[in-house]
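Participant: Before we start, here is the structure in question, set down as structure tokens.
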Amino acid sequence: MLEKSMELIDEEGANELLQAQTRVWNHALAFINSMALKCAVQLDIPDAIQNHGKPITLSELVSSLPIHPSKSQHLYRLMRILVHSGIFSLKKEGYSLTPTSRLLLKGNPMSARPLLLFLLDPVPMEPLRCLSTWFRNEDPTAFGTAHGKCIWELAGENARLNNLLNEAMASDGALACGVVMKKCEGVFEGLKSLVDVGGGTGAMAKCIAETFPTMNCIVFDLPHVVSGLQGSDNLKFVEGDMFESVPSADAILLKWILHDWSDEECVKILKQCKEALGRNDKIGGKVIIIDMILGNQNWDEKSTETQLFFDLYIMTCVTGRERSEDEWAKLFIAAGFSNYKINPVLGVRGLIEVYP
């Protein structure tokens, strides 16, 4: 049988076969990029290059890192793949940071380092190993298949995981708020009060409160998230459950919240938000959503891939999904809202203003 198959392969067929083989290999080994990047961050390579103050040679980099002498001969292989993927740049003078690796510096207030370390932590990664098992069983999520409970339950019990998650959301909140205040500050102008639902440790709300000192801001989250956190003159932390009630305000902020939940659960959350707006003295108000909008722009291949990666990651960990504009609109209508406006200001995510 093998000999007959070999006879049927012409030169064009052989080239196509080899290309297909390479694609399979690339998909199978794509995790190498992730693990190499995680290793670089854990070794503090971006900070070592930054602290050097100029392009750093391989030998200088080896000397500045906490690696065993027997491993120094292998460092260039790690750096080679990170240069190839655009994390670092390499010229005759040595290695330098790129805009991507600058986003991984410890001292960067908008660092993506905490989010990267959460996404690549063994606990949220384990469900990806269980996908085929999950497709065959009745569990709501692959996270439940892997760990026997949902991610929110485990985070409430596991302080390390809870801290990783909170730090990841805080760092992303600082970045998102910095961009939104630069590109879309008008969204928050005129508001006297705002509730950041599921706001974690308050990075986004703190940024808003500092930018608008006359606005009263509330960070609303589960008890194990906000317990012991200190607010300021115009910022306070309130514990509660968004499925039961949401504090009243001129605006309700949902940053990276709704993609965690099913359509039915999202409608329940949005209805609570609408009720909270209705309880406020000011007529009107709005819900401000920061989340991905699939296919909202003519994305390049990498941006589309990022959205699809996130959608599958969400599928493994929770009951939610990333949504298209049409899918978002259906949720808004189902929850009783009348109109919405999309502000495409956050790369592969967008800011959506939703009106009662």
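The values are calculated or read from the model by the stated rules, or taken from the named source; none is laboratory data. This structure is a prediction, so every number in the text was calculated from the model and none was measured. Cβ coordinates were reconstructed from backbone atoms using ideal geometry, including for glycine residues, and neighbour counts include every protein chain displayed.
Participant: Could you check residue 219 against (1) surrounded by fewer than 19 Cβ atoms within 10 Å (Cβ to Cβ); (2) within 20 Å of the chain's Cα centre (by Cα); (3) of a type in the set (A, V, I, L, M, F, W, C) and say which number it fails?
Facilitator: The number of the failed condition is (1).
Yes/no per residue for (1) among the basic types (Lys, Arg); (2) within 30 Å of residue 182 (Cβ to Cβ):
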{"position": "10", "(1), (2)": "no, no"}
{"position": "18", "(1), (2)": "no, no"}
{"position": "31", "(1), (2)": "no, no"}
{"position": "34", "(1), (2)": "no, yes"}
{"position": "51", "(1), (2)": "no, yes"}
{"position": "80", "(1), (2)": "yes, no"}
{"position": "88", "(1), (2)": "no, yes"}
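Participant: Examine region 61-73 for a residue that is surrounded by 13 or more Cβ atoms within 10 Å (Cβ to Cβ) and in contact with a strand residue (DSSP E or B) (Cβ under 7 Å, 6 or more places away or on another chain), and state whether such a residue exists.
Facilitator: Yes, because at least one residue in region 61-73 is surrounded by 13 or more Cβ atoms within 10 Å (Cβ to Cβ) and in contact with a strand residue (DSSP E or B) (Cβ under 7 Å, 6 or more places away or on another chain).
Participant: Given the conditions (1) without any contact (Cβ under 8 Å) to a residue 12 or more places away in the chain; (2) over 23 Å from the mean Cα position of the chain (by Cα), and given that residue 264 satisfies all but one, which numbered condition is not satisfied?
Facilitator: Here residue 264 meets the rest and fails (2).
Participant: Of all residues in region 312-356, count the ones that are surrounded by fewer than 17 Cβ atoms within 10 Å (Cβ to Cβ), touching a helix residue (DSSP H, G or I) at 6+ places or on another chain (Cβ under 9 Å) and acidic (Asp, Glu).
Facilitator: Counting residues in region 312-356 that are surrounded by fewer than 17 Cβ atoms within 10 Å (Cβ to Cβ), touching a helix residue (DSSP H, G or I) at 6+ places or on another chain (Cβ under 9 Å) and acidic (Asp, Glu) gives 2.
Participant: How many residues are assigned to a loop (DSSP other than H, G, I, E, B) and either touching an Asp or Glu at 6+ places or on another chain (Cβ under 8 Å) or aromatic (Phe, Trp, Tyr) (or both) when one looks only at region 98-114?
Facilitator: 4
Table: residues versus (1) surrounded by 18 or more Cβ atoms within 10 Å (Cβ to Cβ); (2) within 17 Å of the chain's Cα centre (by Cα); (3) within 17 Å of residue 115 (Cβ to Cβ).
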{"position": "194", "(1), (2), (3)": "yes, no, no"}
{"position": "232", "(1), (2), (3)": "no, no, no"}
{"position": "246", "(1), (2), (3)": "yes, no, no"}
{"position": "255", "(1), (2), (3)": "yes, yes, yes"}
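Participant: So, in region 284-306, exactly how many residues are part of a loop (DSSP other than H, G, I, E, B), at pLDDT 80 or above and closer than 14 Å to residue 341 by Cα?
Facilitator: Here the count works out to 1.
Okay, residues lined up against (1) farther than 30 Å from residue 260 by Cβ; (2) touching a residue at least 12 places away in the same chain (Cβ under 8 Å); (3) assigned to a helix (DSSP H, G or I):
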| residue | (1), (2), (3) |
| --- | --- |
| 35 | no, yes, yes |
| 59 | yes, no, yes |
| 67 | yes, yes, no |
| 75 | yes, yes, yes |
| 79 | yes, yes, yes |
| 83 | yes, yes, yes |
| 90 | yes, no, no |
| 96 | yes, yes, no |
| 126 | no, yes, yes |
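Participant: Specify which of the listed residues (82, 104, 97) is surrounded by 15 or more Cβ atoms within 10 Å (Cβ to Cβ), within 21 Å of residue 306 (Cα to Cα) and in contact with a strand residue (DSSP E or B) (Cβ under 7 Å, 6 or more places away or on another chain).
Facilitator: When all the criteria are applied, what remains is 82.
Participant: I need the full set of residues from region 300-350 which are of a type in the set (Phe, Trp, Tyr) and closer than 26 Å to residue 118 by Cα, in order please.
Facilitator: If the condition is that a residue be of a type in the set (Phe, Trp, Tyr) and closer than 26 Å to residue 118 by Cα, then 309, 310, 313 are the ones that fit.
Participant: To continue, here is another question. Residues of region 211-236 being touching a Phe, Trp or Tyr at 6+ places or on another chain (Cβ under 9 Å), small (Gly, Ala, Ser) and touching a residue at least 24 places away in the same chain (Cβ under 8 Å), which ones?
Facilitator: Selection gives 231 alone.
Participant: Another question, then. May I ask you to verify whether residue 138 is under 20 Å from the mean Cα position of the chain (by Cα) and surrounded by fewer than 19 Cβ atoms within 10 Å (Cβ to Cβ)?
Facilitator: no
Participant: Is it the case that residue 195 is touching a strand residue (DSSP E or B) at 6+ places or on another chain (Cβ under 6 Å) and either hydroxyl-bearing (Ser, Thr, Tyr) or more than 11 Å from residue 207 (Cβ to Cβ) (or both)?
Facilitator: Judged against the criteria, residue 195 is a match.
Participant: List pairs: first in region 104-119 and under 17 Å from residue 178 (Cα atoms), second β-branched (Val, Ile, Thr) and buried (at least 19 other Cβ atoms within 10 Å of the Cβ), Cβ under 6 Å, 6+ apart or cross-chain?
Facilitator: 104/41; 113/41
Participant: Report yes if some residue within region 160-167 is buried (at least 17 other Cβ atoms within 10 Å of the Cβ), in contact with a strand residue (DSSP E or B) (Cβ under 8 Å, 6 or more places away or on another chain) and not aliphatic (A, V, I, L, M); otherwise report no.
Facilitator: No; the residues of region 160-167 include none that is buried (at least 17 other Cβ atoms within 10 Å of the Cβ), in contact with a strand residue (DSSP E or B) (Cβ under 8 Å, 6 or more places away or on another chain) and not aliphatic (A, V, I, L, M).
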